[in-house]
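Since the structure comes first, as structure tokens, the remarks are kept for the end.
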Amino acid sequence: MVFFRVRPSWQLRENQVSAESHWHRRRFTRNLIGAAVTTSLLPLGCESGQKIVTPETSGSKLALPKSGDRQKFAPSVPLPLPTAQELAFAFNNYYEFGRTKSIVQAAQALPTKPWQVEVTGLVNHPLTLDLDDLMHKFPLEERIYRFRCVEAWAMVVPWLGFPMQALLKAVDPKPQAKFVRFTSFYDRKITLGPEWLLRPVPWPYQEGLRIEEMANELAFFAVGMYGKPLPKQNGAPIRMVIPWKYGFKGAKSIIKIEFLDTQPATFWNTLLPNEYSFEANVDPRKPHPRWSQASERLMGSQLGLAWEQQPTLLYNGYAEYVAYLY
Ligand SMILES: Nc1nc2c(c(=O)[nH]1)N[C@H]1C(S)=C(S)[C@@H](COP(=O)(O)O)O[C@H]1N2
Ligand SMILES: [Mo]
């Protein structure tokens, strides 16, 4: 079992990461290994003591650049430091639990055990995944991705999970499958309903992708963050992570994945179609009707650090890997 034998080309490079965040990565890689041992986050067969290959340990390809190299890159490359986990765990958008960013307490009411994800629709092998399947059926990887909310704030998050490609392979979509709908958990007794929106909206929270987007190597399901199981407020036990799209495309706490032949109605696109397109790719050239998307505020790598204003990157910096889709 390896995490990365060779660094994939989209993995943030060591020479884009400061010494400080290198320390941070070491710390969460340790957490990751700790999580593997204590909560069985890793696939079966990965016993404690077995060598886990991570970007930290996989040899010369990932050797740290000499300090001179790092200086050479520093001025021109925006530094994607992982956001302090205390921030990523406490500054949330999760409307089922409230409209503010402070929903951590309310979200603890989310019942995650047991959990089932129904994978259905136009597929040859429909599946139901339980909690154990989510953690063990597909090999887990760590991916450090830029994360950009449509509200113009950004983070850099080390996710733990599996590529959407792995699920596609397991269910084998039929040729008629053109779109995929993802549905979040909803229970009137536990979560807020759509009443507060004062008009009919699709509810529960639903999101969708074209099947080619889901098949892109970057499209990811997260079951953890910072080497730990996903906290409830961040969408436990499984959420979507589509790093080149705005954050609202990434539905949390998924209970159903359906393969369809037509484009599904999704929550934000139905509510405010002029503001939130179905596609919703990060694009500095396309302003939101109420604000510019040309720049973004990057959340600090340390608690208390000021947010830095930086230019927005086309497709959130992943154009090389996703531009062929558009
Ligand atoms: N079910 C559900 N998923 C959701 C949301 C939501 O309100 N409900 N908010 C979205 C938005 S707008 C963003 S920016 C991200 C926020 O993820 P975070 O709280 O882990 O930062 O989740 C997305 N997924
Ligand atoms: Mo968002």
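Bear in mind these aren't lab numbers, they're just calculated from the coordinates by the rules spelled out. Every value quoted in this text rests on a predicted model; they were computed, and no experiment measured them. Cβ atoms come from the backbone with ideal geometry, glycine included; neighbour counts cover every protein chain shown.
If R0 is taken as 25 Å, the Cβ-Cβ distance between ILE255 and GLU279 corresponds to a FRET efficiency of 0.55.
Can you put TYR326, TYR95, TYR246 in order, fewest other beta carbons within 10 Å first? Please list the in-between numbers first.
On the way: TYR326 11, TYR95 20, TYR246 24.
With the sparsest Cβ surroundings first, the list reads TYR326, TYR95, TYR246.
Within the set LYS101/LYS137; LYS189/LYS252; LYS174/LYS256; LYS178/LYS286, which residue pairs have Cα atoms separated by over 22 Å?
Numbers: LYS101/LYS137 33 Å; LYS189/LYS252 18 Å; LYS174/LYS256 18 Å; LYS178/LYS286 26 Å.
Over 22 Å apart, Cα to Cα: LYS101/LYS137; LYS178/LYS286.
One chain, two ends: ARG290 and LEU127. Fully extended at 0.36 nm per residue, the span grows by 54.5 nm beyond their Cα-Cα distance. Largest first, the three principal axis extents of the alpha carbons in segment 219-326 are 43, 35, 29 Å in whole numbers.
Dipole size in debye (nearest 20) for segment 207-293 around its Cα centre, Lys and Arg Cβ +1, Asp and Glu Cβ -1?
Charge dipole, segment 207-293, about its Cα centre: 440 debye, nearest 20.
Between the amide H of THR312 and those of SER295, GLU296, distances stay under 5 Å, these residues lying 5 or more places away or on another chain, with hydrogens modeled in the peptide plane. Comparing LEU134, ALA154, ILE190 along the charge dipole axis of segment 104-200, the residue lying farthest to the positive side is ALA154, per the Cβ-charge model. Zone of GLN176 (label point 7 Å along Cα→Cβ, backbone N under 19 Å): which residues in segment 118-142? Taking a point 7 Å out along Cα→Cβ of GLN176, the residues of segment 118-142 whose backbone N falls under 19 Å are 119-127.
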